[in-house]
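Asks: Dropping a structure here in structure tokens format, bear with me for questions.
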Amino acid sequence: MMEKIIFGRYLPSDSVVHQMDPRAKLLFIFIFVGIVFLANNVVTYALLGAFTFLIVFLSKVKLRFLIGGLKPVLLLVLFTFFLHVFFTKEGDVLTQFGFLTIYKGGVIKGIFISLRFLLLIFVTSLLTLTTPPISVTDGIESLFGPLKKIKVPVHELALMMSISLRFIPTLLDETDKIMKAQMARGADFSSGSISDRVKAIIPLLIPLFVSAFKRAEELAVAMEARGYKGGEGRTKYRILRWSMRDTMAMLFLVVLSAALFILRS
Amino acid sequence: MNTIVISIKGVSYQYPEQESLALNNVSLDVYKGEWLAIVGHNGSGKSTLAKMLNGLHYPSKGTVMIGGYALNEENVWSIREKLGMVFQNPDNQFVGTTVQDDVAFGLENNGVEHGVMQERVFASLEKVGMTAFLNQEPHHLSGGQKQRVAIAGVIALRPDIILLDEATSMLDPLGREEVMNTVRELNEKEGLTVISITHDLEEAAKADRVIVLNEGRLYTEGTPQSIFQLDRELLNLGLGVPFAVQMSQLLADAGLQLSQRHFNEEELVSELWTLNFKM
């Protein structure tokens, strides 16, 4: 059942991108999402595209994994593309079908926006493909650390995230078990109208919820017995190391932003 | 051997909104380095007692002293460093995303430095024979392996006492043996005091001393041999007597002269086949 899930699918490797500090990768993505919006002409988009492919190349992730990750959002990309094609009224008229007039400006804008989408999806899915989920959690905890001063429970949120990640397979197994148990009692999950199928999920969800709460309670007791008393005075087993390559990546990004600023029209 | 590590005096406990006492005037001592089994059927108060030893409940009456600390809210964290606990469900006590993260969890909670932490994680995984699984995720481990990781997580904190609360009841026979052997080794080699709370008398048979709880009261205590002599009485308490003990009872009823009630199949067999030897 685990194999079907794409979210957080990590591909182990020893590439430069894999070895980067998760904080650097997270910062990189935050900034990248910002500067993608700077691009507004062919040169800047070409630059961004080349840059993205350079990272993909460095990460040694096979292109087909990235393209596989695109599938669920492809519809959204096409939708935005046609929205711009049909509703932007700029530049020369290209063709006309009945009441629909297609302008050159609309087509260009549609392509640019779709490209922007694709680049963002590539780069963000690279994060999950090259970073184990637990490192992403560590990175987030460390980056948001300063928020503790304004009483944001950063440590607790990060712990919640890592416990959820740890329990995903356990709960999936359990779902599988309950499903089989209910099927043995005559439940039917795979036929009938949509409303029948939705109703069929109820005898699956209720036992699952009950057991999840039970687990949570036992886990809380076990954590307390093992001396968990909140984030204060706690040390960390996993240590994040910011190295030269992370600084280099950041510098690289600054150069790219500057180039985009100069080249945009 | 005779230093007292835990001393419980006249302890009673009542769950809120319940009329009967879960524990009723229980007094007992635990000695350093021994293996003590506490047995009783469901509702005998053995789990309540386990939770009390770890400060998850406080006694309504009486006193509990653990490793020189009196159990109260002030000392509870020091007590948890002295006494580690392994629970029943292998899945619901695994906090980390991988084996080494889970073993480190208790160390992180206690603010142990990173270098020391790494050493202790490796050392304790070595003691339970799980070093090959350092980066394994919990759903790839068997129940017995998960319980061994839980034990490693406990001993990484260097406690004096390890408390097993039905720790083998959800495991298959193989996993049960794995865990019991690990605990035996820690008990013998490291001198760790073991308290095992169980309703499985075969597990209790491995202990140095057995305490039987019934309806919140201390029913009796003694060596496994002397406890198993009570066989009929134990059945009345809802405890299953091990096969070898039942068998010796039946053989004795049939008129066979056995030297004692055996609680171990091997011993029974070796007495049986040498029974008619006349030397």
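The values are calculated or read from the model by the stated rules, or taken from the named source; none is laboratory data. Since this is a predicted model, take the numbers as computed values, not measurements. Note: ideal-geometry Cβ built from the backbone for every residue, glycine included; neighbour counts use all protein chains shown.
Asks: Please give the helices (runs of 4 or more DSSP H) falling wholly within region B:1-114 in which 1 or more residues are under 30 Å from A:LEU172 (Cα atoms).
Replies: Where helices (runs of 4 or more DSSP H) fall fully within region B:1-114 and carry at least 1 residues being under 30 Å from A:LEU172 (Cα atoms), they are B:46-53, B:99-109.
Asks: Show the residue pairs meeting these rules: Cβ distance below 7 Å; 6+ apart or different chains; first residue within region A:163-175 and surrounded by 15 or more Cβ atoms within 10 Å (Cβ to Cβ); second residue of a type outside the set (Gly, Ala, Ser) and not in a helix (DSSP H, G or I).
Replies: Filtered contacts from region A:163-175: A:ILE163/B:VAL95; A:LEU165/B:THR97; A:ARG166/B:THR97; A:LEU172/A:MET1.
Asks: With (1) touching a strand residue (DSSP E or B) at 6+ places or on another chain (Cβ under 9 Å); (2) within 14 Å of chain A (Cβ to nearest Cβ); (3) part of a helix (DSSP H, G or I) as the list, and B:LEU157 as the residue in question, which single condition is left unmet?
Replies: Result: B:LEU157 fails condition (3) only.
Asks: Considering only region B:179-237, give the strands (runs of 3 or more DSSP E) lying wholly within it that have at least 3 residues that are within 15 Å of the chain's Cα centre (by Cα), modelled with pLDDT of 85 or more and over 26 Å from B:GLY67 (Cβ atoms).
Replies: Per the criteria, no element qualifies.
Asks: Moving to a separate point now. How many residues are away from every other protein chain (no Cβ under 12 Å), not in a loop (DSSP other than H, G, I, E, B) and not polar (S, T, N, Q) when one looks only at region A:218-262?
Replies: 17
Asks: Would you check which residues across region B:73-119 are within 9 Å of chain A (Cβ to nearest Cβ), surrounded by fewer than 18 Cβ atoms within 10 Å (Cβ to Cβ) and either at pLDDT 90 or above or more than 14 Å from A:ALA225 (Cα to Cα) (or both) and list them?
Replies: B:GLY111, B:GLU113, B:HIS114, B:GLN118
Asks: Which condition breaks for B:TYR31 when tested against (1) touching a Leu at 6+ places or on another chain (Cβ under 9 Å); (2) of a type in the set (Ser, Thr, Tyr); (3) surrounded by 14 or more Cβ atoms within 10 Å (Cβ to Cβ)?
Replies: (1)
Asks: Read through the list (1) outside any helix (DSSP H, G or I); (2) closer than 28 Å to A:SER211 by Cα, then give the number of the only condition that A:VAL152 fails.
Replies: Exception for A:VAL152: condition (2).
Rundown of residues vs (1) surrounded by 13 or more Cβ atoms within 10 Å (Cβ to Cβ); (2) more than 18 Å from A:ILE111 (Cα to Cα); (3) outside the structural domain of A:VAL123 (by TED's automatic domain parsing); (4) without any contact (Cβ under 8 Å) to a residue 40 or more places away in the chain, yes/no style:
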| site | (1), (2), (3), (4) |
| --- | --- |
| A:GLY34 | no, yes, no, yes |
| A:VAL43 | yes, no, no, no |
| A:GLY49 | yes, no, no, no |
| A:LEU54 | no, yes, no, yes |
| A:SER59 | yes, yes, no, no |
| A:PHE65 | yes, yes, no, no |
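Asks: For region B:135-150, does any single residue satisfy the condition of being touching a residue at least 24 places away in the same chain (Cβ under 8 Å), in contact with a strand residue (DSSP E or B) (Cβ under 6 Å, 6 or more places away or on another chain) and under 25 Å from B:ALA50 (Cβ atoms)?
Replies: The answer is yes; a qualifying residue exists.
Asks: Do any residues in region A:112-141 that are within 14 Å of another protein chain (Cβ to nearest Cβ) have Cβ atoms under 7 Å from those of residues that are of a type in the set (Gly, Ala, Ser), where the two are at least six apart or on different chains, and which pairs are they?
Replies: Filtered contacts from region A:112-141: A:PRO133/A:GLY8; A:ILE134/A:SER162; A:THR137/A:ALA158; A:THR137/A:SER162; A:GLU141/A:ALA158.
Asks: Search region A:3-24 for residues being closer than 30 Å to A:ILE178 by Cα and loosely packed, with under 11 Cβ neighbours inside 10 Å, and hand back the single one that is modelled with the highest pLDDT.
Replies: Residue satisfying both the conditions and the ranking: A:PHE7.
Asks: Being away from chain A (no Cβ under 11 Å), more than 22 Å from A:ALA212 (Cα to Cα), in contact (Cβ under 8 Å) with a residue 60 or more places away in the chain and in contact with a strand residue (DSSP E or B) (Cβ under 8 Å, 6 or more places away or on another chain): is that true of B:GLY62 here?
Replies: No.
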